[in-house]
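Since the structure comes first, as C-alpha cells, the remarks are kept for the end.
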C-alpha cells in the first residue's frame with residue numbers, strides 16, 4: 001500500500017506561540033501577543049504545500065486548556081476548513097502553567113498517520129524532544145518529516161537537538177513570517193488611537209497599577225477597625241473601674257479611656273473627635289459612630305477615579321447606601337436586551353470576526369448594548385457616570401471578555417492592562433454614540449434664522 005501524496009501539519013501551539021512571544025515581546029507569555037489565527041492557518045497551509053510540493057490534507061492544532069474546555073481561540077480554529085483541534089489539560093505547577101497530554105496526543109497522531117499511510121509528508125511545528133520516537137517511527141514507515149522552528153530570540157536553538165538531527169528537512173520561521181499573523185501587545189499605551197471626545201481615557205490605560213493603593217486602603221481600614229475596638233475596650237474598662245472601691249482609680253481609668261479614644265480617632269480621621277459625654281457608661285453604637293466621626297477629607301490620589309471604571313475598585317467616594325443606586329438599577333444589562341436569536345448571532349460573530357483584542361472586545365460589547373437599548377435616555381445616564389461602569393454591566397463586560405482567552409495562562413483573572421483597555425473601548429463607543437445624539441441638525445449648525 002502506497003502513501004497518499006498529501007501533507008499533514010502537526011502544530012504544538014504552546015511551542016509556536018510561546019516562541020513567538022519570546023521573539024516579539026521578550027518573554028514566552030502568550031498573553032503578551034495578539035494572534036490572527038485565520039492568517040496564521042493560511043500561512044501554515046501555504047508554506048507546507050510549497051515546502052512539500054503536496055496538497056494539504058489537514059492541520060492538527062494541539063494545545064492545552066483548563067479542564068480541556070475549548071477556549072474562544074480553539075472554537076474559532078476548529079470551525080476553519082482543514083483544521084482539527086486536539087486539547088490536552090492545562091494545569092498550574094509551582095506558580096506556572098503547564099500542558100499535560102499534548103505531547104502524547106501529538107505522538108499518537110504522528111504514528112497513526114504514518115502507519116495508515118494517510119500522507120507522504122508530515123510537517124512538525126514543535127521543539128519537544130519527547131516526539132523523537134514518533135518522528136523515527138514515521139520515518140520507518142516511509143514518511144518524509146519536515147521540522148519547523150520559530151526563530152529563537154537569542155539566535156540559539158529552541159528545539160531538541162536530537163529532534164533536529166533526525167528530521168528529513170528543517171525550516172526556521174523567521175520574524176518576518178511570524179509578524180504577518182502575530183504581533184506584540186503594546187502595554188505601555190493605548191491599544192487603539194486615543195478617542196477625540198475623551199482623551200483622558202489614556203489616563204485609564206497609563207494609570208499605575210492599583211495593588212499598592214489597594215494594600216494601603218486595606219491597611220487604613222484595618223487601622224480604623226482596630227482603633228474603634230481599642231476605644232470601646234478602653235471605655236469599657238473605665239466603666240468597670242468606676243464600680244471599684246477607689247474612686248480615684250476609677251477616675252484615672254476613665255481619663256485614660258477618654259485620652260485613648262481621642263488619640264485613636266485623631267489617628268483615624270486626622271482630627272480629634274470628642275469622646276462620649278459620660279465616660280462612665282458603656283459606649284453605645286451611637287457613641288462608637290461618634291468616635292469614628294465623619295470621613296475626613298484626604299488628599300486625592302493622582303487619577304484615583306481613573307484607576308477603575310467600575311465601582312468595585314479603589315475609588316475615593318462617599319459610602320454608597322445598601323442596595324444598588326436607583327440610577328444604575330434602571331440600566332438594563334446586555335443579557336436582558338438580547339434575544340435567543342441574537343445570542344446565536346453574537347456567538348457566530350465572536351467566533352468568526354471578533355479578534356479578541358481587549359480594546360476591540362470592549363467596543364463590540366458596548367456596540368451591542370447601544371444597538372439594543374429601548375430608550376435613548378439610558379445612554380446619557382450612563383455617560384454621566386464616567387469613568388465608573390455600573391457593577392452589573394461591568395461584571396457582564398469582563399465575563400464577555402473572558403470568552404476571548406484573556407483569562408488563559410494567567411492567575412484566573414484578566415490582566416490589569418487588559419481591563420483598562422476593555423473599559424476604554426467600552427467608553428469609546430459610548431462617547432461616539434452620545435456625541436451623535438447631541439449633534440445639531442444641519443440647519444441648526446448653519447445658523448439658519
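The values are calculated or read from the model by the stated rules, or taken from the named source; none is laboratory data. Note that the coordinates shown come from a computational prediction; the quantities given were computed from them, not determined experimentally. Note that each Cβ is placed from the backbone with ideal geometry, even for glycine, and that neighbours are counted across all protein chains shown.
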Can you name the residue in segment 365-393 that is in a helix (DSSP H, G or I) and touching a residue at least 60 places away in the same chain (Cβ under 8 Å) and is also nearest to residue 337 (Cα to Cα) among such residues? 370
Conditions (1) modelled with pLDDT of 95 or more; (2) touching a helix residue (DSSP H, G or I) at 6+ places or on another chain (Cβ under 6 Å); (3) not in a strand (DSSP E or B): number failed by residue 28: (1)
Scan segment 6-23 and report the pairs whose first residue is over 20 Å from residue 119 (Cβ atoms) and whose second residue is part of a helix (DSSP H, G or I), with Cβ atoms within less than 7 Å and a gap of 6+ or a chain change. 14/102; 17/30; 18/30; 20/178; 21/30; 21/32; 23/175; 23/178
Quick check on residue 405: is it within 20 Å of residue 350 (Cβ to Cβ), touching a helix residue (DSSP H, G or I) at 6+ places or on another chain (Cβ under 7 Å), at pLDDT below 85 and in the same structural domain as residue 333 (by TED's automatic domain parsing)? yes
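Condition check ((1) under 12 Å from residue 425 (Cβ atoms); (2) touching a helix residue (DSSP H, G or I) at 6+ places or on another chain (Cβ under 8 Å)) across all residues:
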{"residue": "359", "(1), (2)": "yes, yes"}
{"residue": "375", "(1), (2)": "no, no"}
{"residue": "378", "(1), (2)": "no, no"}
{"residue": "386", "(1), (2)": "no, yes"}
{"residue": "396", "(1), (2)": "no, yes"}
If you check 351, 422, 414, which single one turns out to be in a helix (DSSP H, G or I), within 22 Å of residue 76 (Cα to Cα) and modelled with pLDDT under 85? 351
Taking segment 354-364 and keeping only residues that are under 12 Å from the mean Cα position of the chain (by Cα) and assigned to a loop (DSSP other than H, G, I, E, B), one is left with 356, 357
Under the condition of being in a helix (DSSP H, G or I) and touching a strand residue (DSSP E or B) at 6+ places or on another chain (Cβ under 7 Å), which residue from segment 144-170 is nearest to residue 114 (Cα to Cα)? 163
Members of segment 314-326 that are modelled with pLDDT of 60 or more and surrounded by 12 or more Cβ atoms within 10 Å (Cβ to Cβ): 325
Listed by range, strands (runs of 3 or more DSSP E) wholly within segment 34-131 having at least 2 residues that are surrounded by 19 or more Cβ atoms within 10 Å (Cβ to Cβ) are 56-65, 83-93, 121-125
What are the pairs with Cβ atoms under 7 angstrom where one residue, in segment 340-354, is closer than 15 Å to residue 400 by Cα and the other, located anywhere, is exposed (fewer than 13 other Cβ atoms within 10 Å of the Cβ)? Sequence gap at least six, or different chains. 351/79
I'd like to know if segment 10-25 contains one or more residues that are touching a strand residue (DSSP E or B) at 6+ places or on another chain (Cβ under 8 Å), surrounded by 15 or more Cβ atoms within 10 Å (Cβ to Cβ) and in a loop (DSSP other than H, G, I, E, B). no
Contact list please: Cβ distance under 9 Å, first residue in segment 180-192 and buried (at least 16 other Cβ atoms within 10 Å of the Cβ), second residue at pLDDT below 55 and part of a loop (DSSP other than H, G, I, E, B), pairs at least six apart or on different chains. 185/191
Number of the exception - residue 68 against (1) closer than 20 Å to residue 29 by Cβ; (2) modelled with pLDDT under 90; (3) touching a strand residue (DSSP E or B) at 6+ places or on another chain (Cβ under 6 Å): (1)
